[in-house]
Amino acid sequence: MKAIVIHRFGPPEVLSYEEVPDPVPRAGEIRIRIHAATVNRVLDVRMRAGVEGHRGVVLPVIPGVDCAGVVDAIGPGVTRWRAGDRVAAAGVMPLDVCAEDGAGYDGPVGMMGIRRPGGFAELVCVPASAGIAIPQALAFHQAAVIMRHAPTAWNLMCNLAQLQPHETVLVMGAGGNLGTVGIQIAKNVVGATVIATAGSDDRVQLGLDLGADVGVNYNTQDLHAAVMDVTKGRGVDVLYDNIANPKVLPRAFKAIGRNGRMVTAGAHGGPEVAIDFHHLYDRRITIIGMPGHRAEDCPTCFAAAAQGKIKAQIEHILPLSRAADAHRMVESGEAQGKIVLDPTLA
C-alpha cells in the first residue's frame with residue numbers, strides 16, 4: 001500500500017510518500033480502507049516538526065490521528081464488523097491485542113498516528129472497539145472531520161458546561177475547527193444564544209453564517225464591553241475556549257457572569273494566561289479543562305451531522321501524495337476550514 005512515513009522530524013519535506021507492506025489485522029482488529037484523514041495542527045503538523053515529540057512518538061511512524069473509510073478485512077474474534085461496513089476511528093486506543101469490545105484490557109494505550117500506525121495511508125488496522133459506524137447519509141470527508149472535532153466539542157459544551165437552551169455562550173476562535181463545531185452544537189442542538197468572536201471579520205462572519213446570534217471582532221472591538229452590552233450587563237453563562245490567547249482570554253473571562261462555567265480542551269495560543277481571581281471567586285465561576293470525549297458522544301455527533309445539525313468546514317481535499325502541501329497550508333494559517341487527505345484520489 002501507499003503511505004506517508006516520517007523517518008525524522010523536520011519540515012514538510014520529511015513526509016515520505018512510499019510503498020509499505022499492507023497491514024494484517026490481529027485478533028480483535030479490523031482493517032480500514034481509508035477514504036479520508038484530516039490534517040491537524042498540533043497532533044500532525046507540530047509532531048512532524050518535532051515540537052510534539054514528548055507524546056511518545058517512535059520513528060518511523062505513519063502519521064494521521066483519525067480516518068474514515070470502509071472495513072475491508074477483519075481479524076480473528078471480530079463479529080461486530082463486516083467487510084464493506086462504513087467506519088471511522090480516531091484518538092487513543094489499545095496498542096496490544098484486545099477483545100473485540102475492549103473488555104478487560106489493561107495494557108498500554110496510545111494515539112493512532114503517534115504510538116501506532118495512523119490514517120495517512122491507504123490501509124490501517126485498528127482495534128474493533130475503536131471503530132464507530134458512519135451513517136449512510138454522512139460522506140467520508142465530513143465523517144473524518146466530525147470524528148476529530150465534534151465529540152470533543154460536544155463533551156465540553158454538553159457534558160461539562162451543561163449548556164442550557166435559555167443560556168448564553170461565548171465561543172472563542174469562531175473560525176477554527178472546534179469553534180465552528182461548538183457554534184453549531186450550541187445553536188442547532190442545544191438552542192442557546194451564541195456570541196461568536198474571532199480576530200478577523202471573515203472569521204466572525206463564518207460564525208454568524210453557522211448560526212451565531214452575535215459576532216464580535218476582538219481586534220476592532222472591546223470584547224468585554226461588547227459581550228456585556230449583548231447580555232445587558234449579566235455576562236455569559238458559558239465561555240468556550242480552546243486557544244488560550246493571552247491578550248484576548250482575560251477580557252473574555254471578565255465577561256463570564258455569576259455561576260458561569262469556562263470549558264477548554266486546548267491552549268496552542270498560550271498556554272499561560274492571566275485571569276482575574278477576584279472575578280473568579282466573586283462570580284462563583286467554575287473552570288473545567290478536559291481533552292477527549294465520552295464513548296457515547298461519537299455516535300451522537302454522527303447522528304447530529306447526518307441530520308444536518310453539524311456540518312464540518314472543509315477547506316481542501318487533497319490526494320495522500322500531497323500530504324506535504326497539506327502541512328504547509330496548515331502552517332501558513334490561511335486555511336479557514338479543515339484540510340482532508342483522500343488516499344483514493346490520484
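The values are calculated or read from the model by the stated rules, or taken from the named source; none is laboratory data. Quantities reported herein were computed from a predicted structural model and do not represent experimental measurements. Heads up, the Cβs are rebuilt from the backbone with ideal geometry, glycines too, and the neighbour counts pull from every protein chain shown. Just so you know, the surface numbers come from the protein's heavy atoms only, side chains and all, with ligands and any DNA or RNA stripped out. Shrake-Rupley method; radii C 1.70, N 1.55, O 1.52, S 1.80 Å.
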- List the pairs whose first member sits in region 266-278 and is under 17 Å from HIS224 (Cβ atoms) and assigned to a loop (DSSP other than H, G, I, E, B), whose second member is modelled with pLDDT of 95 or more and open to solvent by less than 40 Å² (accessible area, probe 1.4 Å), and whose Cβ atoms are under 8 Å apart, counting only residues at least 6 apart or on separate chains? VAL273/LEU249; VAL273/PRO250; ALA274/PRO250; ILE275/LEU249; ILE275/PRO250; ILE275/PHE253; ASP276/PRO250; ASP276/PHE253
- Item | Residue that is farthest from the chain's Cα centre (by Cα), among those in region 31-66 that are within 20 Å of GLY333 (Cα to Cα) and assigned to a strand (DSSP E or B) | ALA37
- Task: Taking ASP241 as the residue in question, decide whether it is acidic (Asp, Glu) and either open to solvent by less than 10 Å² (accessible area, probe 1.4 Å) or over 19 Å from ILE275 (Cβ atoms) (or both).
- Result: yes
- Residue hits (region 330-346; surrounded by fewer than 19 Cβ atoms within 10 Å (Cβ to Cβ), in a helix (DSSP H, G or I) and in contact (Cβ under 8 Å) with a residue 12 or more places away in the chain) are GLU331
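Matching residues to (1) at pLDDT 95 or above; (2) open to solvent by 60 Å² or more (accessible area, probe 1.4 Å):
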site: ALA27; (1), (2): yes, no
site: ILE32; (1), (2): yes, no
site: THR38; (1), (2): yes, no
site: ASP44; (1), (2): no, no
site: GLY53; (1), (2): no, no
site: ILE74; (1), (2): yes, yes
site: ARG86; (1), (2): yes, no
site: PRO94; (1), (2): no, no
site: PRO127; (1), (2): yes, no
- Query: Of the residues GLY233, GLY257, GLY211, GLY215, which is surrounded by fewer than 21 Cβ atoms within 10 Å (Cβ to Cβ), assigned to a strand (DSSP E or B) and not acidic (Asp, Glu)?
  - Reply: GLY257
- Query: Under the condition of being modelled with pLDDT of 90 or more and among the aliphatic types (A, V, I, L, M), which residue from region 58-72 is farthest from VAL124 (Cα to Cα)?
  - Reply: LEU59
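Condition check ((1) closer than 27 Å to ASP241 by Cβ; (2) in contact with a strand residue (DSSP E or B) (Cβ under 6 Å, 6 or more places away or on another chain)) across all residues:
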site: ASP276; (1), (2): yes, no
site: GLY289; (1), (2): yes, yes
site: ASP297; (1), (2): yes, no
site: GLY308; (1), (2): yes, no
site: LYS311; (1), (2): yes, no
site: ILE314; (1), (2): yes, yes
site: PRO319; (1), (2): no, no
site: ASP325; (1), (2): no, no
- Taking ARG80, is it surrounded by fewer than 20 Cβ atoms within 10 Å (Cβ to Cβ), touching a strand residue (DSSP E or B) at 6+ places or on another chain (Cβ under 9 Å) and not in a strand (DSSP E or B)? yes
- Considering region 256-268, residues that are hydrophobic (A, V, I, L, M, F, W, C) and touching a strand residue (DSSP E or B) at 6+ places or on another chain (Cβ under 6 Å), and then whichever is farthest from HIS149 (Cα to Cα), we arrive at ILE256
- Test GLN162 against the criterion of being closer than 18 Å to PRO291 by Cα, part of a loop (DSSP other than H, G, I, E, B) and either open to solvent by less than 30 Å² (accessible area, probe 1.4 Å) or at pLDDT 95 or above (or both), and give yes or no. yes
